[in-house]
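Written out below as structure tokens is the structure these notes cover.
Where a number appears in this text, it was derived from the coordinates with a stated rule and is not lab data. Quick caveat, the model's predicted, so the values are computed rather than measured. Please note: Cβ atoms are built from the backbone with ideal geometry, for glycine as well, and neighbour counts cover all protein chains shown.
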Amino acid sequence: MAPFVPRTRAAAAIRMKQITLDNQSRTIRCLRAKLATEIRESATTKEGLENKLVEAKKEHKSNQVALEASHTIIVGLTEIGLCVSKKNERMKAKKQQARESHLECHQKLQAHIQQTESTIQEQQLTIEILMEY
């Protein structure tokens, strides 16, 4: 029985090594499958991120166009506001001038009325004096 023991031990050692190799092969296949899955998921994620980047660039371009349009509108409204302010100033000046002109005319008219009243009073006095003689 002695001669068979080494063979059995050798066979057992070989069998253990074979089992270890099989386990390692299975582990390698499992890791390769996981790696392939990770690569696919990574590719999908990359594609999704690239699509989001493209959309973000489009949105950025659209926002820039809208911003430029806003700036143009703001410039236009500012110009309109300045024109309206100038027009208001001119209108205020004309209104003030009209008030002054009206006041001057009113004063002249009052002076004329007073002069006329004085003349009428003088004429009445003259008439009264003439009627007494």
Spelling out what I want: for every residue of the range 42-54, take phi, set θ = phi - 60°, compute 6.51 cos²θ - 1.76 cosθ + 1.60 (Karplus), and round to whole Hz; glycine and proline get x. 5, 5, 5, 4, 4, 4, x, 5, 5, 5, 5, 5, 4
Inverting the mean 1/r over all pairs of different Cα atoms, compute the Kirkwood radius of the range 56-107 and quote it in Å. 14.3
Which whole-Hz couplings ³J(HN,Hα) result when phi for each residue of the range 79-90 is put into the Karplus expression 6.51 cos²θ - 1.76 cosθ + 1.60, θ = phi - 60°, listed in order with x for Gly and Pro? 4, 4, x, 5, 4, 5, 4, 4, 5, 4, 4, 4
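To the nearest 20 debye, what charge dipole does the chain have about its Cα centre, counting +1 at the Cβ of each Lys and Arg and -1 at the Cβ of each Asp and Glu? All intermediate terms of the calculation are to be shown ahead of the outcome.
Working: 22 positive and 16 negative charges, 604 e Å.
Dipole of the chain, to the nearest 20 debye: 2900 debye.
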Based on DSSP H runs of at least 4 residues, each adding -39500 (n - 2.57), what is the mean residue ellipticity at 222 nm of the chain after dividing by all its residues, to the nearest 500 deg cm²/dmol? -37500 deg cm²/dmol
Lys/Arg Cβ at +1, Asp/Glu Cβ at -1, dipole of the chain taken about the Cα centre: which of 74, 10, 125 is farthest positive-ward? 10
Between (1) 1.01; (2) 3.93; (3) 1.24, which matches Cα Rg over 2.2 N^0.38 Å calculated for the structure shown? (2)
